[in-house]
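Working notes for the structure below.
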Amino acid sequence: ERAKLARLRHKPALTLDGEHIELHANIEMPADAPAAVEAGATGVGLFRSEFLFMNRDGELPSEEEQFVAYKAAVEAMRGMPVTIRTVDVGADKPLDRMSAHELRHEHVLNPAMGLRAIRWSLAEPSMFRQQLRAIYRASAFGKVRLLIPMVAHLSEIRQILETIKKVQQQLTDAGHAFTKVDLGVMIEIPAAAVMLPLLLRHVDFVSIGTNDLIQYTLAIDRADESVAHLYDPWHPAVLQLLASSIAHARAAGKSVSVCGEMAGDSAFTFLLLAMGLRSFSMHPSQIPSVKQRILRADAGRLSSYLADVLDSDDPQRSAEFAFAAYRTES
Ligand code: PEP
Ligand code: MG
């Protein structure tokens, strides 16, 4: 089994009908990058940068410390793309040393709906600029992509673009090198999925965060055990948002990936291929099993079953039935 996985690592992720699939890795620290390469990842689809900000006693990481970390990840990926997500902190992902804004979080009732992710970054503009400068500086050392979490408003995109312009000017003035950085947003709030064609006019790519998209679509706290049985990735509303998001991005000619847990769960590989997804990002350990499914898939044929699955009262059963011919024997 181990030898089989090793052989799999170097095989390109191609479907039977010749569709090339990107299998990217989710990482939390630059030290995770070598394991991603080892697992056969063709890039980093999600670098959760908040891990640089969490679990520390002292100050938050400086621009320099962040730059060193991003550069290390970029260099470890040897020219493959590294998608760095700006901090996704909030009351549910707290910083140890809390800023004035963070302190206010101690008493909020709905932290998942509060000042987190891009909302927090825009409320802490100097911190946001610091992080963007570090990310842009790392772009001089490889292919960097910038990903913004929890976007729900066009006004947020306008503010992000303005901040990027300012940061680029600062870097130029300071004599720092940087190259073109593609801008992407996470689709993890239903509003963003519903208005995706509008968002797509302003960004280069999107990445669907199914963990939060499910939480917010179904109003199920992803960390609350008492409602965990209702946290259902197969829910028809979730599948419809996923399918339409992928279709809209493709129609606009923009790259789209899924970086939530669904991407790394091989139970969903055929369904996501059927929806037209060609880029998956997951924990490095999940890459081999997803790749095995891809190697047995005929993407064109799979897509012909999609309408039936989306139209079903029981999409999970319907998908299992439709994709039975593709079930792996191993
Ligand atoms: C997601 O929400 O699916 C996601 C990838 O982001 P996180 O799990 O870090 O919130
Ligand atoms: Mg998320």
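Tally time: how many residues in segment 179-194 are touching a helix residue (DSSP H, G or I) at 6+ places or on another chain (Cβ under 8 Å) and more than 14 Å from ligand 2 (Cβ to nearest atom)?
Number of matching residues: 5.
Yes/no matrix, rows are residues, columns are (1) over 20 Å from SER121 (Cα atoms); (2) of a type in the set (Val, Ile, Thr); (3) surrounded by 13 or more Cβ atoms within 10 Å (Cβ to Cβ):
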{"site": "ILE157", "(1), (2), (3)": "no, yes, yes"}
{"site": "ASP173", "(1), (2), (3)": "yes, no, no"}
{"site": "GLY184", "(1), (2), (3)": "no, no, yes"}
{"site": "ASP212", "(1), (2), (3)": "no, no, yes"}
{"site": "THR217", "(1), (2), (3)": "yes, yes, yes"}
{"site": "ALA223", "(1), (2), (3)": "yes, no, no"}
{"site": "VAL238", "(1), (2), (3)": "yes, yes, yes"}
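Out of everything in segment 1-30 that is closer than 18 Å to ALA134 by Cα and in contact (Cβ under 8 Å) with a residue 24 or more places away in the chain, what residue ends up being surrounded by the fewest Cβ atoms within 10 Å (Cβ to Cβ)?
MET29
Could you say whether any residue in segment 256-270 is surrounded by fewer than 23 Cβ atoms within 10 Å (Cβ to Cβ), touching a residue at least 12 places away in the same chain (Cβ under 8 Å) and closer than 16 Å to TYR305 by Cα?
Within segment 256-270, none of the residues are surrounded by fewer than 23 Cβ atoms within 10 Å (Cβ to Cβ), touching a residue at least 12 places away in the same chain (Cβ under 8 Å) and closer than 16 Å to TYR305 by Cα.
Which ones in segment 60-109 are part of a loop (DSSP other than H, G, I, E, B) and modelled with pLDDT under 85?
ALA91, ASP92, PRO94, LEU95, ASP96, ARG97, MET98, SER99, GLU106, HIS107, VAL108, LEU109
Restricting to segment 179-231, name every residue that is in a strand (DSSP E or B) and within 12 Å of ligand 1 (Cβ to nearest atom).
Within segment 179-231, MET186, ILE187, SER207, ILE208 qualify.
Given the conditions (1) more than 16 Å from ligand 2 (Cβ to nearest atom); (2) buried (at least 17 other Cβ atoms within 10 Å of the Cβ), which single one is not true for SER245?
(1) is the only condition that SER245 fails.
The values are calculated or read from the model by the stated rules, or taken from the named source; none is laboratory data. From a predicted model like this one, the values you see are computed outputs, not experimental measurements. Every residue, glycine among them, receives a Cβ derived from its backbone with ideal geometry; neighbour counts consider all protein chains shown.
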